[in-house]
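**Student:** Take this structure first; my questions come after.
The values are calculated or read from the model by the stated rules, or taken from the named source; none is laboratory data. Predicted model, so just to flag it, every value in this text is computed and none were measured. Note that each Cβ is placed from the backbone with ideal geometry, even for glycine, and that neighbours are counted across all protein chains shown.
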Amino acid sequence: MYENLKCEVEKIWSDRSRLAVEECKQIIREVIDLLDKGLVRTAEPIPGSDQWQVNEWVKKAVLLYFPIQSMTVAEVGMMEYHDKMALKTGYEKSGVRVVPPAVARYGAYLAPGVVMMPSYVNIGARVGEGTMVDTWATVGSCAQIGSYVHLSGGVGIGGVLEPVQAAPVIVEDHCFIGSRCIIVEGAHIGHEAVLGANVVITGSTKIIDVSGPEPLYYKGYVPPRSVVIPGTYSKEFPAGTFGVPCALIIGQRKASTDTKTTLNDALRTFSVPV
């Protein structure tokens with residue numbers, strides 16, 4: 001599907017002079033409209049695998065969209081914006097709750113049942129059904145947030161547009177991301193994982209499973225159903241030994257904590273702050 005559109009985007013990407021042609025501009029705008037409606041996405045799971053593929057041609061369309069847009073002034077009550085990107089609209093029709101002054105950019109997809117407290121979702125991002133984007137949480141460009149996820153207050157989900165082959169941040173279904181967590185650099189959070197407050201996951205963060213007799217190490221990936229807290233490990237430097245931040249997997253989420261109403265049980269079991 002959309003192979004012809006993909007082919008045209010690649011041609012424009014290879015020859016930027018084509019952006020002066022109105023027909024080419026319309027092709028780019030068509031891709032962004034499909035992205036806004038959730039009919040295409042910047043990254044998607046590979047069926048039958050726990051891997052994801054990046055749809056580079058969609059990210060290219062987003063990057064090509066910026067230069068064909070003009071700066072405009074938009075007024076929302078007493079608030080004024082000056083930008084190239086329009087704000088997302090049609091929330092009532094799509095079944096999305098948006099609490100002022102939450103902002104989502106046109107080209108971000110919000111599935112039915114999403115709740116946006118005063119927060120921000122950038123172009124190219126996708127937020128799944130029933131997910132809560134809590135107060136002052138941010139969802140960066142192209143980030144993929146699953147269904148029935150809770151992004152707690154102040155969570156920072158990083159965005160990535162360039163390079164086009166770079167994987168975005170992925171948070172799979174039914175995850176709970178605690179207050180002030182930071183997830184960036186294409187980190188991947190497996191389904192039903194629970195991150196306690198202030199956990200930082202980057203592409204190079206050491207993620208250490210300490211729940212067994214021997215530590216297990218991961219980078220940029222939190223396995224499904226993991227319960228994670230902030231931690232440190234010792235590292236030698238020329239000036240001495242110092243503690244370096246890491247993330248600790250201290251256990252697995254139990255089947256009894258699969259619903260939101262009993263999620264706090266998982267946190268209490270491991271004394272995890274949120």
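**Student:** Scan the stretch 121-149 for residues that are in contact (Cβ under 8 Å) with a residue 60 or more places away in the chain and not in a loop (DSSP other than H, G, I, E, B) and report the count.
**Tutor:** Counting residues in the stretch 121-149 that are in contact (Cβ under 8 Å) with a residue 60 or more places away in the chain and not in a loop (DSSP other than H, G, I, E, B) gives 2.
**Student:** When the residues of the stretch 98-120 are narrowed to those that are part of a loop (DSSP other than H, G, I, E, B) and touching a residue at least 40 places away in the same chain (Cβ under 8 Å), which ends up surrounded by the fewest Cβ atoms within 10 Å (Cβ to Cβ)?
**Tutor:** The initial filter retains those residues of the stretch 98-120 that are part of a loop (DSSP other than H, G, I, E, B), namely 99-102, 106-108, 111-114, 117-119.
Filter once more, so that each one left must be touching a residue at least 40 places away in the same chain (Cβ under 8 Å): 106-108, 111.
Numbers: Tyr106: 16, Gly107: 26, Ala108: 25, Ala111: 18.
Across the stretch 98-120, the extreme among qualifying residues is Tyr106.
**Student:** Moving on to the next point. How about the stretch 127-140: which of its residues are crowded, with 23+ Cβ neighbours inside 10 Å and small (Gly, Ala, Ser)? Before the answer, list the steps.
**Tutor:** Taking the stretch 127-140 and keeping what is crowded, with 23+ Cβ neighbours inside 10 Å, we get 127, 131, 133, 137, 139.
Within the stretch 127-140, Ala137 is the sole residue that qualifies.
**Student:** Shifting gears a bit: Looking at Gly107, Gly159, Gly140, which one is farther than 19 Å from Asn198 by Cβ and touching a strand residue (DSSP E or B) at 6+ places or on another chain (Cβ under 9 Å)? Give the derivation first.
**Tutor:** Details: Gly107 fails: touching a strand residue (DSSP E or B) at 6+ places or on another chain (Cβ under 9 Å); Gly140 fails: farther than 19 Å from Asn198 by Cβ.
Answer to the selection: Gly159.
**Student:** Name the single residue, out of those in the stretch 210-261 being surrounded by 12 or more Cβ atoms within 10 Å (Cβ to Cβ) and of a type in the set (Ser, Thr, Tyr), that is modelled with the lowest pLDDT.
**Tutor:** Among those residues, the one meeting the criterion is Thr257.
**Student:** Of the residues that sit in the stretch 20-62 and are surrounded by fewer than 21 Cβ atoms within 10 Å (Cβ to Cβ) and among the polar types (S, T, N, Q), which one is modelled with the lowest pLDDT?
**Tutor:** Out of the qualifying residues, it is Ser49.
**Student:** So is Gly95 farther than 27 Å from Gln26 by Cβ, surrounded by fewer than 16 Cβ atoms within 10 Å (Cβ to Cβ) and either out of contact with any strand residue (DSSP E or B) (no Cβ under 9 Å at 6 or more places or on another chain) or free of Cβ contacts under 8 Å to residues at least 24 places away in the same chain (or both) or not?
**Tutor:** Details: farther than 27 Å from Gln26 by Cβ: yes; surrounded by fewer than 16 Cβ atoms within 10 Å (Cβ to Cβ): yes; either out of contact with any strand residue (DSSP E or B) (no Cβ under 9 Å at 6 or more places or on another chain) or free of Cβ contacts under 8 Å to residues at least 24 places away in the same chain (or both): yes.
Answer is yes for this residue.
**Student:** Would you say Ser204 is polar (S, T, N, Q) and modelled with pLDDT of 95 or more? Even if it seems obvious, please write down each step before you answer.
**Tutor:** On the way: polar (S, T, N, Q): yes; modelled with pLDDT of 95 or more: no.
Taking the combined requirement at face value, the residue does not satisfy it.
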